[in-house]
Structure formats: C-alpha cells, structure tokens
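Trainee: Here's a structure for you.
What follows is calculated from the coordinates using simple rules that are stated; it is not laboratory data. This structure is a prediction, so every number in the text was calculated from the model and none was measured. Heads up, the Cβs are rebuilt from the backbone with ideal geometry, glycines too, and the neighbour counts pull from every protein chain shown.
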Amino acid sequence: MSFDLVLFGGTGDLAWRKLMPALFQAFRHGTLPPGGRIIGIGRDDLSADQYRALIHSRFDKVELAKRPSDDEFAHFAALLDFVRMDLSRPDDYQRLAQTLQARKADTVVMYVATAPTLFTTVCEQIAAVGLNTPQTRVVLEKPLGHDLASNRAINSTVCTIFQEKQVFRIDHYLGKPAVQNLFALRFGNALFEPLWRREHIANIQITIAEELGVEKRGAFYETTGALRDMVQNHALQLLCAIGMEPPINSHADAIRDEKLKVLRSLKPWTPATLATDAIRGQYGAGNMAGTPVVAYRSEAGVDPHSNTETFVALRTEISNWRWAGVPFYIRTGKRLAGRDARIVVNFRPTPHAIFNSSIGDANRLVINLQPRDGLELHLLAQGQDNRRNAHALAPVQLDLDFDKRFGSERVGAYERLLLDVIAGRLNLFVRSDEQEEAWRWVEPILDAWSNDPQGPRPYAPGTWGPSASSAMIARDGFCWAEEN
Ligand code: BG6
C-alpha cells in the first residue's frame, strides 16, 4: 500500500522533535509500509536535499539509541521530499496537488502540525484543490481550539470537508504503551473487573508530573496553561480509560462511545466546587536538583505579571452506578518533584481489622506510565522479622515492569499513532464529540480562573505544587500517594 504523508509544519518543532524521529523508528523497525513518501511543507526556500540535510542535522538532538547512522539516514532520506508553501496562499496548494496527483498514492495523510489558527484554512484549501478524496486522512494536533466555541468552529469546518472516519485527532497519551496496557489489564483480564467499582475503590489519583519548565514554548504556554495543555486532553483521556465501561468490542466507535459516556458523567462544576476542588499554581524561582531555575514569570515569552497556571489539581466524580461518590483526583504540572506519570487506584480498607498493623500503602494498584511503564500491586504481607512480633505485617509490592518484560525498544507513542493513521485505525484517536465534551467540562474552570484576580498559587520548583493541592485531597480523608 503506497502512501504520501504530507507534513504541514514540516520544519517546525513537532516535526523534528517527535514526528521525524517516530517515522524513522518505524522505518528502522520495518513497520513503515513500503512505497511511502514523506513530504515536508514549510515556508523556507529549500530544495528536497536541503530539507533532508536539515532533518538530518536535527537528529543530533535525539537520544543516541534512536539516532540513525549515516547509512540508515541515507535510506530514510530517500523517502523525504519538500514543498515550499505559504499556507495562506491558495496557489501554493495547487503545487501540492500537482505533486500528489503525479503519483496517486493509495493513502494520503495530511498531518496538520501547524498553529491551530491555521487548521481550518489548511482543510479548506485542501478541499479547494480537490485533495479531500476518500483516500485522504487528516491528522490534527492538539490543541484543537482554545475553548468550546473555537473547538466547535474547527470541528464543524473539518467535518464539512471530511467524514469523521477520515479525521485523526491526536492525543499522544493514547499512543503510550502504558495506556494500551491499561485497556489490556481492564478488558483482557477478569480479575479486576468485579473490584473495579465504588464498593471496592476508595479513590483514584491521576498524576502527570514534569520536571521541565516551559522551555522555549513560553509564548505558546502563556495563552494555553496547564488546564488546556494537559487536563482537557491527556488527563481526561486517562480518566476515561480508567473509568469507562467495557466496550462491546474493540472497534474505534465502541471504545469512543464509552469514553464519551464518562465525559458526559463528570460531575458538573458549581461555584462551590470551583472554589474548593480546582486548584491552580505557578512555579516560582528556585532549584531543581541543585541547579537554579527561573520563575515561570521570568521565562522567555512570558508576561512578568502572568496569571497562567503551570500546575492544576482537580477533584471530580463520575456520576454513574459504577462510580458515584468515588473521588477522582487529577494533578499535573511543570517543574514538579519528578517526571512521573501514573494512575493510583486505592482500594477500600478491609471491613474489619484483625491484624494489629497499619496497612501503610498496601491495597493499591499503580499503573505507571512514565518514566517506567508497568504495574505495581501493593499488598500486605508477613514481614521478615516475625520472631518478635507474629503480626509484623508490611506492605510489599508485586512489580510488573513492562520495559524489562518486553524490552525498552518498544514502539513509542507517535510511532504507533503514525502507523495507525497510515493503516486507517481510529481506536486511539479522539472523536469530535469526545473533544467537545471535554472542553464543555473544563470551560467553567477556565471562566472562573479568568475572572479571579487572585491568580495561581505560587509553588517552589521541585515540589508537588502548592499545599492547597494536598489540603484538597485531605478534606476527603485521603492523601496523594507519595504523602503516605
Ligand atoms: C504535550 C504538552 O502535549 O505533552 C507539553 O503540550 C508536555 O507541555 C507534553 O510537556 C508531555 O508529554 P510526555 O509524553 O513527555 O509526557
């Protein structure tokens, strides 16, 4: 099956940081279908050879194991081409159409990795030159809009040009092996299903913590913030994966229907819950592992009086029979204590304690997404020192490290998702109604924060965010996993 992958934003940050390395890995693993062509689109006046050289030079920044040798790159580079385009000029799309029509690939993937303001223009112009054929698939990067209205505007234009089955909305968290494993854990094993409900689960905690600050993306982040950047998409998708009902089969719409139901069941915000259950923070200046780091407000491209949040902690509930009353806590932020993405499922304590021992952090399932991918089952067991105290129980951990089990050379998120687009598999992509529902749910928080002159709470780099996040969860009688 031949394919053309057109990369709008072909010289941009995402292209060289994520997409080209992912395409190269697929090429190296032999999973990229043969007969492919990757056409970078950019404003620069580059020949195809100059574009290849540019991409080659960027691989210097990729981790060593994922860098191509010169020989490997020479083979990969044979797939690369470049078309210079100003995306606002209709004539330039004609040139693209000529390039594509000269070959007539079986599948044409239009990957729109540009500023979101250009999404509708690009789709309209693709249609204007007749490139919205049934063979075409369009990939849209996040953020898809800035709020519910702008998201709807983009989706309504895109959906008049393409059928929903041609639209691949990327959330790269869905491509992470750990998320696939979560689906396998829940829907491939009968073991946990009877326990997966309010009667047995006390609370669920979703953490996506990063050590990095905003790096060179200050200007983008200023108008985005952690709620739009991480919660509206990645964190809510994780919440769906953990909270959804078993789908009737593994088809894309069966899965997406169930995720949609979770989003629709999220407890609506009220002024009272907005005040107590939605915490925002912003990192100040300090140290990360002994290295001084600047405050968010001193980052390049950031307003020195900025109220943009770099940390969010939320408490919500899924209002249905399975989950009513079980708190779901979501927490994400930059410049936190570690790079750590995980979901912690805390089971209810035993109904009656017969052992004279605190259970510590037992009775818990941890789904690790980053930096390791794996599962930990925390159980209570008889400790080593049982001569002095026969009841000396201690928490122990059953570890299933998927990187060790399956090797660390596993298919990365973008590699997996790009291969899925080329093959036309929609399971790991977000449908427009899911996306709208997620925006609908976060919008009251956005509104409340934009009308609140108090701004985000400061926190020191290298911590777990403002103390209000711990206070929020403590009100329910719980604590974050690391506070045990
Ligand atoms: C992106 C956000 O979607 O996800 C970034 O825009 C964030 O701000 C990144 O750093 C985190 O992804 P990962 O895969 O490194 O956890």
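Trainee: Distance from the Cα centre of segment 82-108 to that of segment 180-239, in angstrom?
Mentor: 38
Trainee: Put a dot 7 Å past each Cα toward the Cβ at His29 and Ala337; how far apart are the dots in nm?
Mentor: 3.3
Trainee: Hey, rough spin-label estimate for Ser69 and Asp91, points 7 angstrom out along Cα→Cβ, what's it come to in nanometres?
Mentor: 4.7
Trainee: Quick check: net charge around Phe183, other residues with Cβ under 12 Å of its Cβ, Lys/Arg +1 and Asp/Glu -1? Walk me through the numbers on the way to the answer.
Mentor: Numbers: positive: Lys176, Arg186, Lys259; negative: Glu258.
In short, +2.
Trainee: Run through segment 182-236 and list the GluC sites (Glu not before Pro) located in a DSSP loop whose Cβ has at most 14 other Cβ atoms within 10 Å. Write down the numbers at each step before the final one.
Mentor: Values: sites: Glu199, Glu210, Glu211, Glu215, Glu222; in loops: Glu199, Glu210, Glu211, Glu215.
Listed in order of number, the matching sites are Glu199, Glu215.
Trainee: Hey, another quick one. Of Ser467, Ala128, Ala448, which is farthest on the positive side of the dipole of the chain, counting Cα position, with +1 on Lys and Arg Cβ, -1 on Asp and Glu Cβ, and the Cα centre as origin?
Mentor: It is Ser467, whose Cα lies furthest towards the positive end.
Trainee: May I ask what percent, to the nearest 5, of DSSP beta bridges between residues of the chain are antiparallel? Please list the in-between numbers first.
Mentor: On the way: 43 of 78 bridges.
Restricted to the chain, the bridges split so that about 55 percent are antiparallel.
Trainee: Given 0.36 nm per residue, what is the gain on full extension from Arg475 to Thr270 after removing their alpha carbon distance, in nm? Before the final figure, lay out the partial values.
Mentor: Details: separation 205, 0.36 × 205 = 73.80 nm, distance 1.77 nm.
Roughly 72.0 nm would be gained on extension.
Trainee: Quick one: which residues, 5 or more positions from Val6 or on another chain, have an amide H under 5 Å from its amide H? H modelled 1.01 Å from N in the peptide plane, none for Pro or chain starts.
Mentor: Ile39, Val109, Met110, Tyr111
Trainee: Still on this structure, I have one more. Of the trypsin sites (Lys or Arg not before Pro) in segment 387-460, which ones lie in a loop per DSSP and count no more than 11 other C-beta atoms within 10 Å?
Mentor: Numbers: sites: Arg387, Arg388, Lys404, Arg405, Arg410, Arg416, Arg425, Arg431, Arg440; in loops: Arg387, Arg388, Arg410, Arg425, Arg431.
For trypsin sites (Lys or Arg not before Pro) across segment 387-460 that sit outside H, G, I, E and B with at most 11 neighbouring Cβ atoms in 10 Å, the list reads Arg387, Arg388.
Trainee: Tell me the relative contact order for the chain as a rounded percent, counting alpha carbon contacts under 8 Å between residues six or more apart.
Mentor: Details: 840 pairs, mean separation 85.7, N = 484.
The normalised contact order for the chain reaches 18 percent.
Trainee: Then there's this: Whole-Hz Karplus ³J(HN,Hα) for segment 249-262, in order, using 6.51 cos²θ - 1.76 cosθ + 1.60 and θ = phi - 60°, x for Gly and Pro?
Mentor: In residue order, the calculated couplings are 7, 9, 6, 3, 6, 5, 5, 5, 4, 5, 5, 4, 4, 4 Hz.
Trainee: So, in nm, how far is label Asn484 from label Phe355 when the simple model puts each one 7 Å beyond its Cα toward the Cβ?
Mentor: It works out to 1.3 nm between the two label points.
Trainee: From Cα pairs below 8 angstrom and at least 6 apart in sequence, can you work out the relative contact order of segment 302-343, rounded to a whole percent? Each step should come with its number before you reach the end.
Mentor: On the way: 35 pairs, mean separation 14.5, N = 42.
Dividing the mean separation by the residue count of segment 302-343 yields 34 percent.
Trainee: In Å, what is the Rg of the alpha-carbon atoms in the chain, and how long is Dmax?
Mentor: Both quantities, over Cα of the chain: 23.8, 84 Å.
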